[in-house]
Each structure stands twice: as C-alpha cells, then as structure tokens.
C-alpha cells in the first residue's frame, strides 16, 4: 500500500494521477458489476424420466380418435411418462408414453430458463418449469379426427 501511495504522490501532477487511479478503479468495478448483472443463468438440465399426470378434454370429430391421441373419453385422466433422452443447450428430444401409445417430441427451453415449448406428432405443449423437479403444462391439438386440450403436472423421477 505504501508503494502505491508513493507512486501516486511522487509524480508531477499529483491530482491528475489520483483522478486517473480513482477513475480506473471505478471503471473496473462498473464492468465487473455489469458482467454479473448480464450473465446468463444456467440452462436447466431436464434429461431424465418424468411422471406426468394430466386432465384432458377430448372432442371426437370422427368415429375413431386420431392416430396420435392418448385420450379415449370426453373427460379423461391420464398417467404417463415423459423421457427427455437428449439435451443440447436449450434444445431437447424425447418420448412421451401413455398406456395407449408412445410418440416422440422436441422442445426448447425459453430465454427465461422457465418456459418450455414442445411439438409432438400432432400437437403442442406450453410448459413452465416450476422448480428443478416440477413442470406444469398445457397441451393442445386439433386435427381432422379430434381435438384435445389438457393440463398436466410433471414430476422428475428420482
């Protein structure tokens, strides 16, 4: 500390040297704090198996529900399993399996690291990561054979 003070006060233009030192320290502090404020928080890792419990409404337009429809009645409870098999940054791939069938899906994690947007064989899911082990979702599709809308809660299997 004494050497720093000697350097600052031993040069000509003592006040200019002090001002430059203070300005330099303030500038460094600003960039350090800006980096902390703008740093992206960690993208959550969702790979693994999730148990899904959903309540759905089915509007059947044809005699038989669509090929990719998991639901069988107008009002339906469903227990299924979603497996995220691969994650590359914000992009996810996996399989959704119910007692009736399995279908592949893709998803992306939103910039807020909470929103998750899915597409599957015939529909879409908008979801929110409530905590690291819970997802809440809304599913919907509308096709020539049927339309479905559902609310679901997903829990990560440990």
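Read-outs throughout are calculated quantities, based only on the coordinates presented, and are distinct from any laboratory measurement. No experiment lies behind these values; they were computed from the predicted model shown. As a convention, Cβ positions derive from the backbone with ideal geometry for all residues, glycine included, and neighbour counts pool all protein chains shown.
Remark: spin-label model distance residue 119-residue 149 equals 2.2 nm, labels positioned 7 Å along the Cα→Cβ axis. In terms of packing, defined here as the mean over residues of other Cβ atoms within 10 angstrom, the peptides 52-64, 135-147 line up highest first as 135-147, 52-64. Working from label points 7 Å from Cα in the Cα-to-Cβ sense, the residue 130 to residue 142 distance is 2.8 nm.
Rg and Dmax over the alpha-carbon atoms of the stretch 38-97 stand at 16.2, 55 Å. Label-to-label distance for residue 91 and residue 112 is 2.4 nm, based on points extended 7 Å past Cα in the beta-carbon direction. For the pair the stretch 96-158 and the stretch 75-91, the centres of their Cα atoms are 6 angstrom apart.
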